[in-house]
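Chemist: Below you'll find the structure I mean.
The values are calculated or read from the model by the stated rules, or taken from the named source; none is laboratory data. Note that this is a predicted model, so its numbers are computed, not measured. Here the Cβ positions follow ideal geometry from the backbone for every residue, glycine too, while neighbour counts run over all protein chains shown. Remember, those area values only see protein heavy atoms, side chains included, never the ligands or the DNA or RNA. Shrake-Rupley method; radii C 1.70, N 1.55, O 1.52, S 1.80 Å.
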Amino acid sequence: MQEQAAYRQALSADLEQFLDFQREVLEDVSSESVPLLGAVHSLAKGGKRLRALLNYWGWRGAGGDALGAPAIRAGVALELFQSAALIHDDIIDRSDTRRGAPSVHRHFSNRHAEAEWFLDGQHFGSSAAILAGDLCLALSEEAFTSVGERAAYNTRARALFNRMRTEVMAGQYLDILEEVVGPGHEPERAVVRARNILRYKSAKYSIEHPLAIGGALAGAGNELLAAYSQFALPLGEAFQLRDDVLGVFGDPELTGKPAGDDLREGKRTVLIAYALSTGSEAVRKEITDNLGRPDLDDDAVASLRTAIEESGALATTEALIAEHTEHAFTTLASLAVDEQTRSALELLAHAAVTRTA
């Protein structure tokens, strides 16, 4: 789609210009601080641009101009927020890779080792990555503020942007809380808790909020924004459920993550919640004993995969993905937007729920 390609190009150019200015700020502080921005830049320039694109088509569907500057700069803000979330998420999950390359904290610990610096290299890597993520959050806020009056205090777009950020932090906390509380935390409600975490940690900020922010920037009314949510929230949940499946059953060459990484990290996803709630006693014991063990070898990962599949959890999760996807596409068919916007959203929705990486 020609317009979408043009938006991607404009977004990348604006991101580069924005970060070039920030580089000058850091150079004024010290050239030794520039690697913080380099880590942000490396992460922000990659990815599928899903959130920025949803923001753009939310803008266009509400009557915004083609390649409008507010939608471009808001896309930059969303991409920077996503990068911050990834940096901090990889620290929390102890993930050594991201998109097939070293994660930011691993990048800085590698620098420490290569330079033969003093003290604890792992601690330096995590500390530097926390600061890079914080810098990214600050830059995201600066970018969104620079949109201007449409994103000013007390506007609908600003309220959505602020709510999105708070919900993600709350969802992330609930996620790590679930991991440490473990199987003794009301196992009969595991699915309810996991789906709540999925909604606030990922589904809303990945799909629903970007679309609504774009619409709000263009002046969308309550009816259109409500319709956007009815389409985007089930799509966002299907998107994250697909991510959870890939975290256990995905091909490492496509995902850029080691096989079964979510199992080693102990992620208590909806997939795992279903396995615990519907699996046999032997399945529950195997998951409880092994989930979150960083030393899981390939055979142990394969055994856990088999247990999860035999519990019916994989089939149940796939059925839930299909249900959410059908709901989203049914809503999209009657969405009060032009056909170009509908077509673009349909393509993005397909990509979100059928991806293999």
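Chemist: Just one of Arg60, Arg23, Arg8, Arg49 is touching a Lys or Arg at 6+ places or on another chain (Cβ under 7 Å) and open to solvent by 30 Å² or more (accessible area, probe 1.4 Å); which is it?
Modeler: Answer to the check: Arg8.
Chemist: Working only within segment 212-224, note down all residues that are open to solvent by 10 Å² or more (accessible area, probe 1.4 Å) and part of a helix (DSSP H, G or I). Walk me through how you get there before you give the answer.
Modeler: If we filter segment 212-224 for residues that are open to solvent by 10 Å² or more (accessible area, probe 1.4 Å), which is where we start, we get 216, 218-224.
Once the filter is applied, which keeps residues that are open to solvent by 10 Å² or more (accessible area, probe 1.4 Å) and part of a helix (DSSP H, G or I), segment 212-224 yields Ala216, Asn222, Glu223, Leu224.
Rundown of residues vs (1) within 19 Å of Leu211 (Cα to Cα); (2) in contact (Cβ under 8 Å) with a residue 40 or more places away in the chain; (3) among the hydroxyl-bearing types (Ser, Thr, Tyr), yes/no style:
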residue: Leu11; (1), (2), (3): yes, yes, no
residue: Asp14; (1), (2), (3): no, yes, no
residue: Glu27; (1), (2), (3): no, no, no
residue: Ser31; (1), (2), (3): no, no, yes
residue: Arg49; (1), (2), (3): yes, yes, no
residue: Gly63; (1), (2), (3): yes, yes, no
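Chemist: Is it the case that Phe144 is surrounded by 20 or more Cβ atoms within 10 Å (Cβ to Cβ) and within 30 Å of Pro234 (Cα to Cα)? So that I can check it myself, show each step before the final result.
Modeler: Working: surrounded by 20 or more Cβ atoms within 10 Å (Cβ to Cβ): yes; within 30 Å of Pro234 (Cα to Cα): yes.
Yes.
Chemist: Based on what the data block shows, is Leu67 touching a Leu at 6+ places or on another chain (Cβ under 7 Å) and surrounded by fewer than 24 Cβ atoms within 10 Å (Cβ to Cβ)?
Modeler: Spelling it out, it is not the case that Leu67 is touching a Leu at 6+ places or on another chain (Cβ under 7 Å) and surrounded by fewer than 24 Cβ atoms within 10 Å (Cβ to Cβ).
Chemist: With the checklist (1) open to solvent by less than 10 Å² (accessible area, probe 1.4 Å); (2) of a type outside the set (Phe, Trp, Tyr); (3) over 24 Å from Thr330 (Cβ atoms) in hand, flag the one item Ala259 doesn't pass.
Modeler: (1)
Chemist: Same structure, new question: Go over the candidates Val147, Val168, Val191 one by one and state the one that is in contact with a helix residue (DSSP H, G or I) (Cβ under 6 Å, 6 or more places away or on another chain), among the β-branched types (Val, Ile, Thr) and not in a helix (DSSP H, G or I).
Modeler: Answer to the check: Val147.
Chemist: Is it true that Ala71 is in contact with a helix residue (DSSP H, G or I) (Cβ under 6 Å, 6 or more places away or on another chain) and in a helix (DSSP H, G or I)?
Modeler: yes
Chemist: Right, something else. Here is a list of conditions, (1) of a type in the set (A, V, I, L, M, F, W, C); (2) open to solvent by 20 Å² or more (accessible area, probe 1.4 Å); (3) touching a residue at least 40 places away in the same chain (Cβ under 8 Å), and Leu291 meets all of them except one; can you say which number that is?
Modeler: (3)
Chemist: Could you figure out which of (1) more than 22 Å from Glu167 (Cβ to Cβ); (2) assigned to a helix (DSSP H, G or I) isn't true of Ala77?
Modeler: Looking at each condition in turn, Ala77 falls short on (1).
Chemist: Select, from Leu241, Leu335, Leu296, the only residue that is in a loop (DSSP other than H, G, I, E, B), farther than 21 Å from Asp96 by Cβ and in contact with a helix residue (DSSP H, G or I) (Cβ under 6 Å, 6 or more places away or on another chain).
Modeler: On inspection, the qualifying residue turns out to be Leu335.
Chemist: Looking at segment 88-136 only, could you name the residues that are among the small types (Gly, Ala, Ser), in contact (Cβ under 8 Å) with a residue 40 or more places away in the chain and buried (at least 16 other Cβ atoms within 10 Å of the Cβ)?
Modeler: Once the filter is applied, which keeps residues that are among the small types (Gly, Ala, Ser), in contact (Cβ under 8 Å) with a residue 40 or more places away in the chain and buried (at least 16 other Cβ atoms within 10 Å of the Cβ), segment 88-136 yields Ser95, Ala128, Ala129, Ala132, Gly133.
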